[in-house]
Amino acid sequence: MKINRDRHQLEKMGQTPFTNGDTPLRVCPLSRVKGVSPFVKRILIGVCPYLIFAALFLFPDVFGIAAEQGNVIIKLVAVNPSKGQTQKVTLKAYLPKEAKPDDVVDMADLTATYDTQQGSYFVSGEYEIKPGEFLERDVEIKDIWVVPDKEISQLRQEVAQVRELLKNTDYAERIDFLKTSVDNKLNQIIESQLNAPINPERHISNYRDNLKTMDIVKQDMVLARSLLSQGKGLPTTAVWKLIFAIIIFLAFLGISFYVIWQKQLKLIINDTLIDSK
């Protein structure tokens, strides 16, 4: 078996995994083991003395964990394979860089600390594990790795409004191209979020890709706004109608003032003639 081969290899290197017939506690992140599913890793924790600590990302609604639907779980597990010696272990797992302590719903008895070198928070705790004992802690985090629907809708509405204002101008063709580009990218983000993977790590990776796409959309919107501000083809038909309406209103207002002024003048003249008599 591979486990036995690993043991023999360690013995050749002078790193015998057994001391006086007992098994020492070894802390080795399972993330270093390539090509092994989370389920197999959890099995290995119980049977292999060299792999006794893991931090796994899980979705509670997929794995049946008691947590709010949509949240992300970091599961920290450790086991003491010793048959007679109590061991100390430090459980530690880094949060995704976007997560802050306020986003953590539950971290059990772990504490959150900021790592200035890594630029992210990590949770940790020190424990004593009795021989053969299995230790498990869950860290529940809000799913903050989603681009808000409101932000997507606002960008979609804005580009549609800009296109409407520029449709009869020299910029109609360029704004049509920009609107198509923006709509396609927003649809790509929506599709990515509707078909979110069950793997939280992949889900977070998709979110970061979506943020990059949003940056491109916002650059397109800056260009669209600049086209609107330049407006060489303006005024449009709607603006001309507004100008004519204002002119007509002012003309009507001027005529009204003239008529009122004439009536007031006649009254003043009549009052003057009566007083002179």
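Listing for the model above:
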read-out: Residue list for segment 109-150, filter: without any contact (Cβ under 8 Å) to a residue 60 or more places away in the chain and charged (D, E, K, R); value: 109, 115, 126, 128, 130, 133, 149, 150
read-out: Selection count, segment 194-225, where residues are of a type in the set (Gly, Ala, Ser) and touching a residue at least 40 places away in the same chain (Cβ under 8 Å); value: 1
read-out: Complete set of residues in segment 168-193 that are free of Cβ contacts under 8 Å to residues at least 24 places away in the same chain and either polar (S, T, N, Q) or not in a helix (DSSP H, G or I) (or both); value: 180, 184, 187, 192
read-out: So residue 126, is it part of a strand (DSSP E or B) and of a type in the set (D, E, K, R); value: yes
read-out: Count of segment 70-87 residues which are farther than 15 Å from residue 139 by Cβ and outside any strand (DSSP E or B); value: 8
read-out: Number of positions in segment 88-102 that are part of a strand (DSSP E or B) and loosely packed, with under 13 Cβ neighbours inside 10 Å; value: 2
read-out: Count of residues meeting criterion [under 22 Å from residue 214 (Cβ atoms), surrounded by fewer than 17 Cβ atoms within 10 Å (Cβ to Cβ) and acidic (Asp, Glu)] in segment 139-171; value: 3
read-out: Residues located in segment 68-87, provided they are basic (Lys, Arg) and loosely packed, with under 12 Cβ neighbours inside 10 Å; value: 83
read-out: Top-ranked residue in segment 103-138 [being at pLDDT below 90 and among the aliphatic types (A, V, I, L, M); ranked as surrounded by the fewest Cβ atoms within 10 Å (Cβ to Cβ)]; value: 108
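The values are calculated or read from the model by the stated rules, or taken from the named source; none is laboratory data. Predicted model, so just to flag it, every value in this text is computed and none were measured. Glycine gets a Cβ as well: all are built from the backbone with ideal geometry, and neighbour counts include every protein chain shown.
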